[in-house]
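Encoded as structure tokens, the structure appears first; notes follow it.
Throughout, read-outs are computed from the coordinates displayed, never taken from laboratory work. All values derive from a computational prediction rather than experimental measurement. Cβ placement follows ideal geometry from the backbone for every residue including glycine, while neighbour counts extend to all protein chains displayed.
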Amino acid sequence: MRKIVIRICDYDDWVGKEGNRQTTKRGQSWVTLTACQREFMLQIFAKDAAEQQHYYLQFSIHKS
């Protein structure tokens, strides 16, 4: 997790949501915390986790 925070908060070269290249540090804020959480989730969970959960809920659980 520490590597993710360093990569997102401390690097000078990054691309914003609009696709614009930025040359300033992001710093530590709530916006960068959200970016860190997203990167962590992408590393932990499978890429198709949402589709797997949707399939499971749709076809595996039956109301009694």
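Summed over qualifying helices (DSSP H, 4 residues or more, each -39500 (n - 2.57)) and divided by its residue number, the chain shows a 222 nm mean residue ellipticity of -17000 deg cm²/dmol.
What is the sum of charges, Lys and Arg at +1 and Asp and Glu at -1, for the other residues whose Cβ falls under 10 Å from the Cβ of residue 25?
Numbers: positive: 26; negative: 10, 12, 13.
Result for the neighbourhood of residue 25: -2.
Work out the P(r) tail for the range 2-59: percent of alpha carbon pairs separated by more than 18 Å, whole number. Each step should come with its number before you reach the end.
Numbers: 764 of 1653 pairs.
Summing the P(r) of the range 2-59 above 18 Å gives 46 percent of all pairs.
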